[in-house]
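A.B. asks: Below you'll find the structure I mean.
The values are calculated or read from the model by the stated rules, or taken from the named source; none is laboratory data. Note that the structure is a prediction, hence the values are computed from the model and not measured.
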Amino acid sequence: MPSATPEPGNNKANVIALGGNAILSDGDSGDVAQQMRSMELACRQSVPLFRSGNRVVITHGDGPQVDNLLVQQVLDKILRVDGIQRDVVTLVSHFVVVEDDPDCSLASNPIGPFWTPPVKRNTKSTAIQ
């Protein structure tokens, strides 16, 4: 079996882009426990890539999982349990969006789950003003 550690001179890399649907699907509750289960499933599927000895980079969007460092926590646990020694590092980038940027009026990708009207009303009524 190949070493789980990248070998010197091995410049091969696998890049995995996890979209929001890998973490939260329609009908999911969206709570932390659900996100952990979904992230574990997504990360578990990447184990063979880590075993290959290639470098692995996982990218994902800017949802709540970034705040929770969910990818790092789950992936680190899975690799340790599977006996794969890899450093798992999180790099968080921050961008400032200019409010009057004309591209902002073309937004087509919502962030977060869609709420039913009753949930939306309840959330608005309990929000801190």
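A.B. asks: Is it true that Ile128 is more than 23 Å from Ile23 (Cα to Cα) and at pLDDT below 70?
C.D. replies: Answer is yes for this residue.
A.B. asks: For the stretch 1-12, state whether one or more residues are among the β-branched types (Val, Ile, Thr), modelled with pLDDT under 80 and more than 13 Å from the chain's Cα centre (by Cα).
C.D. replies: yes
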